[in-house]
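Everything on this sheet refers to the single structure shown next.
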Amino acid sequence: MHKLLNNSWEYIQEPYSDVSSRYKGFGSKLFGVMSSSLPLHYQNLKFYRSISNQTEDVFAICEGLGHDYGIQLDPDCEAICLWDDKTHIEIGYWSEDEYIESVEFIKANFQQ
């Protein structure tokens with residue numbers, strides 16, 4: 001397992017099979033939606049789990065497409081967080097369709 005440090009947060013990389021087994025919370029279908037709607041983005045995701053804070057959350061980083069960005073699924077806040085170095089959005093239970101809104105945000109903000 002690969003460890004990353006980010007300030008006081010520690011992460012380990014995990015395969016998607018582990019993510020899909022352990023996480024059933026809010027936004028859990030996002031990566032399946034991405035695999036059909038944004039296949040290149042899905043193929044370039046690396047998944048992480050924090051071992052120091054918010055250990056139930058899912059973190060993913062999309063790299064290698066010319067515009068890196070991050071995804072966090074937070075079951076406590078019921079939010080999908082999308083961010084890069086310029087923008088950040090939280091799409092939550094209040095959204096009419098959190099998956100469509102997330103995919104549209106990625107298309108509008110994280111594609112070159």
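The numbers here are math on the coordinates, done by the rules we state, and not lab data. Computed from a predicted model, the values in this text were never measured in an experiment. Here the Cβ positions follow ideal geometry from the backbone for every residue, glycine too, while neighbour counts run over all protein chains shown.
Remarks
- Neighbourhood charge, 13 Å Cβ-Cβ cut-off, centred on Y99 and excluding it, Lys, Arg +1 and Asp, Glu -1: -3
- Distance from the stretch 44-59 to the stretch 13-33 (C-alpha centre basis), Å: 10
- Taking every DSSP helix (H) stretch of at least 4 residues in the chain, weighting each as -39,500 (n - 2.57) and dividing the sum by the residue count yields a mean residue ellipticity at 222 nm of -7500 deg cm²/dmol.
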